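The structure is given below, and queries will be raised subsequently.
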Amino acid sequence: SLINGWNLMPVFSQTSILAEDILDPLGDTLIIAKEVAGGNIYWPALGIFTLQIIESGNAYYLLTNGECTLSFPERGIEGTINNQFPSIKSPWNEPVQTAFNHIIGIRKEALTDLNEGDIIGVFTPDGLCAGITEIHSKKDNLAFMIYGDDLTTRNEFDGLLDGQKL
């Protein structure tokens, strides 16, 4: 059972599951699903589906606009399949993927002055890259994670602080 708002969904199934098999039945109630510790996203309204596999042993955040029930299918995926968050060769520092993150969505109409292969970075006021994505296609909407500072790494800044400008 999911509540209206953000839900944490640990996956205790024996096998991994195609994301569409478990998330599509939620219909318009599902706003977005994302990995807790990763950058893959399932965002139907923007047509962004980098989260393709719900992996056994992992956890996910789901944002819903109402109460609903999530059902796991009896059979999952045979063999091992992993989500492949695109690896980007950063011209800046590699962003640290912390558990504190914010999703930015960019509609394809905003990409007209950019080129396929261009890299977009988001930076802290001190110049630390806190999120990065590459434009693979100007025909598709784009989304990426911006990472916040992990407060458990003392005396070290990993990303944006609460309230900082991007």
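The values are calculated or read from the model by the stated rules, or taken from the named source; none is laboratory data. These numbers come from a predicted model, not from an experiment. FYI the Cβ positions are ideal-geometry reconstructions off the backbone, even for glycines, and counts take in every protein chain you see. In case anyone asks, the SASA skips ligands and DNA or RNA and just uses the protein heavy atoms, side chains included. Shrake-Rupley method; radii C 1.70, N 1.55, O 1.52, S 1.80 Å.
For the chain, what does the helix formula give at 222 nm: sum of -39500 (n - 2.57) over DSSP H segments with n ≥ 4, over the residue count, nearest 500 deg cm²/dmol?
Helix-only estimate at 222 nm: -500 deg cm²/dmol.
Sticking with this structure for a sec: With a 1.4 Å probe and all protein chains kept in place, how do Glu116, Glu35 rank by accessible area, largest first?
The residues order as Glu116, Glu35, largest area first.
Report the extension gain between Asn7 and Leu166 in nm, rounded to one decimal, defined as 0.36 nm multiplied by the number of residues separating them, less their alpha carbon distance.
54.6 nm
Ok, one more. How many percent of the accessible area of the chain is carbon or sulfur, using a 1.4 Å probe?
50
In square angstrom, what is the accessible area per residue of the chain with a 1.4 angstrom probe?
Per residue, the chain has 60 Å² of solvent-accessible surface.
Using heavy-atom solvent-accessible surface (probe 1.4 Å) with all chains present, what is the largest-first order of Trp92, Trp43, Trp6?
Order by accessible area, largest first: Trp6, Trp92, Trp43.
Could you pull out every one of the lysines with an alpha carbon less than 26 Å from that of Lys165, ignoring same-chain neighbours closer than 8 positions?
The qualifying lysines are Lys34, Lys89, Lys108.
Which residues does a label at Glu20 reach in segment 41-58, if reach means a backbone N under 16 Å from a point 7 Å past the Cα toward the Cβ?
41-54
With point charges of +1 on the Cβ of Lys and Arg and -1 on the Cβ of Asp and Glu, referenced to the Cα centre of the chain, which listed residue (Ile88, Gly117, Ser16) lies farthest in the positive direction of the dipole?
It is Gly117.
Note down the accessible area of Asp113, probe 1.4 Å, to the nearest 10 Å².
The value for Asp113 is about 140 Å².
Would you mind giving the three semi-axes, in whole Å and largest first, of the ellipsoid equivalent to segment 99-166 according to its Cα gyration tensor?
Computed over segment 99-166, the values are 27, 11, 9 Å.
Among Phe72, Thr133, Tyr147, which residue has its Cα furthest toward the positive end of the charge dipole of the chain, with +1 on Lys/Arg Cβ and -1 on Asp/Glu Cβ?
Farthest along the dipole direction, towards plus: Thr133.
Dividing the alpha-carbon radius of gyration of the chain by 2.2 N^0.38 Å (N being the number of residues), what value is obtained?
Output field value: 1.09.
Give the accessible area for Tyr42 in Å² (nearest 10); use a 1.4 Å probe, count only protein heavy atoms, and leave out ligands, DNA and RNA.
Around 10 Å² of this residue is reachable by solvent.
Among DSSP bridges having both ends in the chain, what percentage is antiparallel? Round to the nearest 5.
95
In debye to the nearest 20, how big a dipole does the chain give about its Cα centre with +1 on each Lys and Arg Cβ and -1 on each Asp and Glu Cβ?
With Lys and Arg at +1 and Asp and Glu at -1, about 140 debye.
Determine, from the Cβ-Cβ distance of Lys108 and Asn65 and an R0 of 22 Å, the FRET efficiency 1/(1 + (r/R0)^6), rounded to the nearest 0.05.
Working: r = 24 Å, r/R0 = 1.08.
So the FRET efficiency works out to roughly 0.40.
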